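Before any comments, here is the structure.
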Amino acid sequence: MSFLDYVASRWQQLLVDSYQHASMVLQCIVLATIVGVLVGVAVYRSPAGAAVATALSSAVLTVPSFALFGLLIPVLGLGVAPSVVTLVLYALLPIIRNTIVGLSTVDQPVLDAARGIGMNRFRVLTRIELAMAWPGILAGMRVSTQMLMGIAAIAAYAKGPGLGNMIFSGLSGLGSANALNMALAGTLGVIILALLLDGVFVLLGRLTTSRGIRG
Amino acid sequence: MADNNMPAPEDRTNGHGVEIRLEEVSKRYPGQKLAAVESVSMTIPAGETVVLVGPSGSGKTTTMRMINRLIEPTSGRITIGGQDVLNLDPDKLRREIGYSIQQAGLFPHMTVGENVGMVPSLVGWSKQRTTERVDEMLDLVGLDPAEYRKRYPRQLSGGQQQRVGVARALAADPPVLLMDEPFGAVDPITRGVLQDELMRLQADLGKTIVFVTHDFDEAVKLGDRIAVLGERSKILQYDTPDAILANPADDTVAGFVGAGAALKQLTLRRVREIELGQVQTAVVDEDPGAMRDRIGTRRGAIGLVLDHRKRPLRWTTAREAGAVSSLAQAGRPVEDSVSPASTLQDALEAILTDDDGVAVVTGSRGEYIGVVDIDTVMTTIKSLREEYADDSNGDSGSTGPDSAEASS
């Protein structure tokens, strides 16, 4: 059976897996953005805090993903839970770092003016600082998304959802009929999804970034 | 804002600011031996522009920022319109005080309209009212609303950004305006234009303005009063520009006033404020001989030939008048004239470039009303100096009614 025939016969399964893959990654990105921005907001005013947060989140990246899944299975069991925790942890670094950079590069006169005309701390944070840091945060989300697309495939090892299942079963059954097609279809699916989501982020950036600060 | 106890808007929009008082205000930062601002007391009269001027590091900005509590005073009392600012919610207080700074500090991700409309929307104006107000403000600072409302700050020149900054500060019609070197970052020509516009605005609005600068010339130009600050914001002299120029309180102030104090004073005086001299005049078709006799033989005496509408045509000496058959050819043409609204500096310029050292003053229709010569200018300067010298011997350097007591 040729690769195209394989895809034609299994496209429904492929679509379901792709959908689950993308959905898991995006949900983890949303979660990581919430956590990352909160962490960034908490630490950006203190150089030491910012350094610690950045160091911790980059330390996570040095742990091989396969190992992290393996380490979490005894604690969280199989399935969705270890997958989500791992993915969120991996997504944090770009988002936290970009949030800190974005928040701390807002010009002092702008902040001074904002306080001086009577905006309270919360308003300054949301309407000025975060609004101006937003393009950077979005760029961090975009990088994280690309990263997670690949790492999410390994979630299959912890019996998580997504295209990883095809890749894993394909690779483990190499030599049998369709095993190569299976692994290939899963891998290509991940690449195509990654490109599509990247396009979505570019579009989102255009739509949500003020013309006044667009690069 | 109802709980803010500031004067209600309708009480204070009628063109008048409110009085600001600082009583023994100090600011100490922990871990520093000397106070940044030490026991400053001053009264800023309602509706006046008071310029805090001093060298870098003199604490003038700190002093100003304590008025809207961007910096909290360590001790002392500050009242605005009789209200102790320390009893007010700082954010609400700041919405009642216009604030304009160097670099303008516009929000780059918001349009000009959103920037200007920020304070009105903070204090809860309706969208409709805010939009109208934004257009009114842009108009006021000389920017066409239709063209600039939707622009972003980076699409504006430095001077335009500064205008938007002033419009934003004025948008909610605050009685008090704090300006921290607002024109410090623009080129000298634009700065001059912006200063002129601020003076024009202030003439209409009558806000109480506290203006910080290190440029003494700017202080002289804009200030109803100037407070010259030394280290730790100590008030070295607090007086009208005239009085400070005529009689600096000490050597430090004199050094800060810089060279050319007398020349700077000339920019503060208008021709209409001084007594004009008169010369002999004749209408152009009068008999030259009669003119010659009128001018007389006094050395340096000259006369003026006017046309039928009394406009000056030619300067002539007695001898020149006697040498011609018609006054239309006598002497030399009048090349320059000044108006009653000109500054004495303009008049001096005209005097210096005139061959006989006399400047003609003409009225609104160009008619002759008098002359100014170097003696008149010198007398004016002299009397100013004498006036303020007497004053400062009398009462610690303050002039005018209810003038503030300078702590020194």
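Read-outs: derived from the displayed coordinates by stated rules, not from any lab. Remember, predicted model here, so these are calculated numbers, not experimental data. Methodologically, a virtual Cβ is constructed for each residue, glycine included, from the backbone with ideal geometry; neighbour enumeration extends over all protein chains shown.
Give me B:Met378, A:Met119 ranked fewest to most by other Cβ atoms within 10 Å of their Cβ, as a rough exposure proxy.
Details: B:Met378 11, A:Met119 23.
Ascending Cβ contact count within 10 Å gives the list B:Met378, A:Met119.
The mean count of C-beta atoms from other chains within 10 Å of the C-beta of residues in B:206-213, rounded to a whole number, is 0.
Rank-order B:56-64, A:26-34 by packing density, defined as the average count of other C-beta atoms within 10 Å over each peptide's residues, highest first. Mind showing how you got there, number by number?
Details: B:56-64: 20.6, A:26-34: 18.6.
Going by the mean number of other Cβ atoms within 10 Å, highest first, we get B:56-64, A:26-34.
Here's how it looks for B:Thr281: its modeled amide H is under 5 Å from those of B:Leu304, which are all 5 or more places away or on a different chain.
Count charges around B:Arg309 for me, please; just the other residues with Cβ under 10 Å from its Cβ, Lys/Arg as +1, Asp/Glu as -1. List each step's numbers first, then the result.
Working: positive: B:Lys310, B:Arg311, B:Arg365; negative: B:Asp307, B:Glu367.
My count for the surroundings of B:Arg309 gives +1.
The long axis of helix B:374-394 is offset from the longest Cα principal axis of chain B by roughly 40 degrees.
What does the structure give for B:95-104 when I average, per residue, the other chain Cβ atoms found within 10 Å of the residue Cβ? Numbers along the way, then the final one.
Values: counts 3, 1, 3, 2, 7, 3, 6, 2, 6, 3.
Per residue, the average neighbour count from other chains is 4.
Orientation-averaged projection of chain A equals 13.9 nm² [convex hull of Cα atoms, one quarter of hull surface area]. Per-residue mean of foreign Cβ neighbours for B:66-72 is 1 (Cβ atoms of other chains, 10 Å radius). Only helical runs count toward this figure. For chain B, summing -39,500 (n - 2.57) over DSSP H runs of n ≥ 4 and dividing by all residues gives -10000 deg cm²/dmol at 222 nm. Taking the Cα atoms of region B:88-134, the ratio Rg/Rh between the radius of gyration and the Kirkwood radius comes to 0.98.
For B:Gly363, neighbours were defined as the other residues whose beta-carbon sits under 12 Å from its Cβ, and their charges (Lys and Arg +1, Asp and Glu -1) total +4.
Straight-distance candidates among the lysines for linking to A:Lys159, with alpha-carbon spacing under 20 Å and chain neighbours fewer than 8 residues away dropped, are absent. Taking the C-alpha atoms only, the angle from helix B:158-170 to the longest principal axis of chain B is near 60 degrees.
Among B:Val212, B:Val176, A:Val39, rank each residue by its count of other Cβ atoms within 10 Å, from fewest to most, as a rough exposure measure. Please report the intermediate quantities before stating the final value.
On the way: B:Val212 27, B:Val176 24, A:Val39 21.
With the fewest neighbours first, B:Val212, B:Val176, A:Val39 line up as A:Val39, B:Val176, B:Val212.
Legend: helices of chain A (whole DSSP H runs) are marked when their alpha-carbon atoms reach 20 angstrom or more along the helix axis and their mean Kyte-Doolittle hydropathy is at least -1.0; marked are A:3-43, A:47-62, A:80-104, A:131-154, A:179-208. Only Cα pairs under 8 Å and 6+ residues apart enter the sum, and on that basis the relative contact order of chain B stands at 17 percent.
Using the crude model of +1 on Lys and Arg Cβ and -1 on Asp and Glu Cβ, and no other charge, please compute the dipole size for region B:345-384 relative to its Cα centre, in debye to 20. Numbers along the way, then the final one.
Numbers: 2 positive and 8 negative charges, 47 e Å.
In debye, rounded to 20, region B:345-384 gives about 220.
Computed 3J(HN,Hα) for region B:359-370, one whole-Hz value per residue from the Karplus formula 6.51 cos²θ - 1.76 cosθ + 1.60 where θ = phi - 60°, is 10, 7, 9, 10, x, 5, 9, x, 7, 5, 10, x, glycine and proline marked x.
Taking amide H as placed 1.01 Å from N in the peptide plane, the amide H of B:Arg311 sits under 5 Å from that of B:Tyr368, each at least 5 places away or on another chain.
Whole-Hz Karplus values for region B:73-84 come out as x, 6, 8, x, 10, 10, 10, 10, x, x, 8, 6 Hz, taken residue by residue from phi with 6.51 cos²θ - 1.76 cosθ + 1.60 and θ = phi - 60°; glycine and proline positions read x. Relative to the 2.2 N^0.38 Å rule of thumb, the protein assembly as shown has a C-alpha radius of gyration ratio of 1.45. Along region B:287-304 the Karplus relation, 6.51 cos²θ - 1.76 cosθ + 1.60 evaluated at θ = phi - 60°, assigns HN-Hα couplings of 6, x, x, 4, 4, 4, 5, 5, 4, x, 10, 4, 4, x, 5, 9, x, 10 Hz to successive residues, with x for each Gly and Pro.
Between helix B:188-205 and chain B there is an angle of about 80 degrees, using the helix long axis and the longest principal axis of the Cα atoms.
Where does the charge balance sit around A:Arg211 when Lys and Arg score +1, Asp and Glu -1, over other residues with C-beta under 13 Å from its C-beta?
Values: positive: A:Arg206, A:Arg214, B:Lys150, B:Arg151, B:Arg154; negative: B:Glu114.
Taking every Cβ under 13 Å from that of A:Arg211, the sum is +4.
For the Cα trace of region A:1-89, dividing Rg by the Kirkwood Rh returns an Rg/Rh value of 1.15. Rounded to the nearest whole angstrom, the semi-axes of the ellipsoid equivalent to region B:216-322, taken from the Cα gyration tensor as √(5λ), stand at 49, 14, 9, largest first.
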